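Report on the structure given below.
Bear in mind these aren't lab numbers, they're just calculated from the coordinates by the rules spelled out. These figures come from a predicted structure and were not determined experimentally. FYI the Cβ positions are ideal-geometry reconstructions off the backbone, even for glycines, and counts take in every protein chain you see.
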Amino acid sequence: MSSPGSRLRAAWSARPIMIPGAFNALTAKIAERLGFEAVYLSGGALSAGWAGLPDIGLLSATEFAEQAAVLARATSLPLLCDADTGFGEPVNVERTVRLYEEAGAAGLHLEDQVLPKRCGHLSGKALVDTSTMVAKVRAAVSARRDADFVIVARTDARSVEGFEAAVIRARAYLAAGADMIFPEALESREEFARFAQALRCPLLANMTEFGRSPLLTLDDLAAIGYRAVLYPLTAFRSAMNAAELTLKALREHGTQRGVLDAMQSRAALYDLLGYTEWEARDRGYFSSSGIADSRES
C-alpha cells in the first residue's frame, strides 16, 4: 500500500491540485466525497476553532499531531499539515516530523518566522536567519522515516525583507532538501509568476481570504507553475459565519424553524458518516454467522 506522502506527491505530479482546509473530521469527509485530492490541517483554524486562541504559536506539537491523527483516520485523502516554526530548534523539528508521520500525515510545512509567530498575512512578523531555517529543513529531512513524507519550506520573507530576499531564502531551503516551496503573502499575480520563474521546483500557493495575495484561480496558478493551492480557512470562515447567523436567529426568534433550510439534514449527516453501515456491522456481530451477514445486508 502506498504511503500518504507518496499519494500526495502522485496527486500534484498528475495535475495541479486544490487542498482545502479541513477544520474537523467531517469537513475532511466532505472534501473527499466532493473529489478533492488532499486536505490540509491549518494552524489558524486549529487555534481558533478548536482552542479559541489566536494563531501565534500557542499550541504544541503534540496538540497538532493529535488533531492530525483525527483527520487522517477520517479520510483516505493525504493530509498536509501546518507545523508552524517546527515548535523549536532543529532537534525539536526532528520530533515534530516523527509525531506527524506517526499521526498519518502526508507531509508538513515549516516557516521561517521567529516565535511568537504571526499569521502570514499580518504585519509584525520577524524571521530567523537563513542558516537557522536551513538547519530546520535539514533536520526535517533527516528525521522522516518515509522518504516520501513531504517537507514543505515556507518563507515569509516577502513581507519582511522583500521579494528578492524571499527568492534567495527559498533557494537555500530547496538546497537543504525541501520537497516543495511555499512563498507566503505574495502581493500580485506578477509576483507569483516571477517567483515560479525563479524557482524551478514544486510550488505551493496560499489563497487565503482577506489577506495580501489576490485570489487567483487554480487554472491561473497552474499556468504560471504552481502544483498545489491551499485554501486553509475557506470552509472554516463560511461555517463560522453560518453558525453565528443561526445562533442570532435562534436568540431573536426563540426557535430554529426559520433556518432549517440552511442546515445539513439528519439524513445527509448520517449518509456522510456511513451510519447504516455501522449499524449493519454491529447487528452482524450478534448473528450466528457473524460479520458476513452484515456484509450481505
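Couple of notes before you dig in:
- Against the test of being touching a strand residue (DSSP E or B) at 6+ places or on another chain (Cβ under 7 Å), more than 19 Å from L204 (Cα to Cα) and hydroxyl-bearing (S, T, Y), the options T85, T155, T132, T75 yield a single qualifying residue, T75.
- Hey, R257 over 27 Å from A175 (Cα atoms) and free of Cβ contacts under 8 Å to residues at least 60 places away in the same chain or not: yes
- Test: R118 is more than 25 Å from T96 (Cα to Cα) and either hydroxyl-bearing (S, T, Y) or surrounded by fewer than 21 Cβ atoms within 10 Å (Cβ to Cβ) (or both): no
- Some residue of segment 229-247 being in a loop (DSSP other than H, G, I, E, B), of a type outside the set (K, R) and buried (at least 16 other Cβ atoms within 10 Å of the Cβ): yes
- Single condition R145 does not satisfy, out of (1) more than 19 Å from P78 (Cα to Cα); (2) over 19 Å from the mean Cα position of the chain (by Cα): (1)
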